[in-house]
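What follows is a single structure, written as structure tokens, with notes after it.
The values are calculated or read from the model by the stated rules, or taken from the named source; none is laboratory data. Note that the coordinates shown come from a computational prediction; the quantities given were computed from them, not determined experimentally. We place every Cβ from the backbone using ideal geometry, glycine too, and count neighbours over all the protein chains shown. These accessible areas exclude ligands, DNA and RNA; they are computed on the full protein's heavy atoms, side chains included. Shrake-Rupley method; radii C 1.70, N 1.55, O 1.52, S 1.80 Å.
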Amino acid sequence: MKKVIKSFIFWFFLIALSEIYMHQIGRDPKSIVLIGLNPILSAISRTDNGLAFMNSGMQLPCRTIMGSISIYWYIACIFSFLVYGAILDWVRLVVSKLAHRTK
């Protein structure tokens, strides 16, 4: 359990869930935090095909300006944060192996 709590993947998953919750309750009415500050989702939202695909999923009601959002945005948010966490866990692993090698 300690290993899970120390992993970046776990904490980034919790951050993604908190972003989704804040978006649902209306604290991010323009989706700036959910989409705008996430580089992967921001890049997807700027392409016509990506935007069309992401908006094609089941619409969930939320307290935003549009009033609903596709579930694909939430899935992509969780997935992208898991990727960020995995990258940071990998960097930490590489750094720790290099530190042990130099001793």
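The table below gives the values:
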| quantity | calculated |
| --- | --- |
| Residue match in segment 2-12 (condition: closer than 20 Å to TYR84 by Cα and either of a type in the set (Gly, Ala, Ser) or part of a loop (DSSP other than H, G, I, E, B) (or both)) | yes |
| All positions within segment 68-88 that are outside any helix (DSSP H, G or I) and under 17 Å from SER18 (Cβ atoms) | ILE69 |
| Segment 61-95: number of residues that are open to solvent by less than 70 Å² (accessible area, probe 1.4 Å) and either in contact (Cβ under 8 Å) with a residue 24 or more places away in the chain or under 18 Å from PHE8 (Cα atoms) (or both) | 19 |
| Cross-chain or 6+ apart pairs with Cβ under 8 Å, segment 1-18 first and open to solvent by 100 Å² or more (accessible area, probe 1.4 Å), then assigned to a helix (DSSP H, G or I) | TRP11/GLY85 |
| Which numbered condition SER42 fails, given (1) free of Cβ contacts under 8 Å to residues at least 12 places away in the same chain; (2) open to solvent by 20 Å² or more (accessible area, probe 1.4 Å) | (2) |
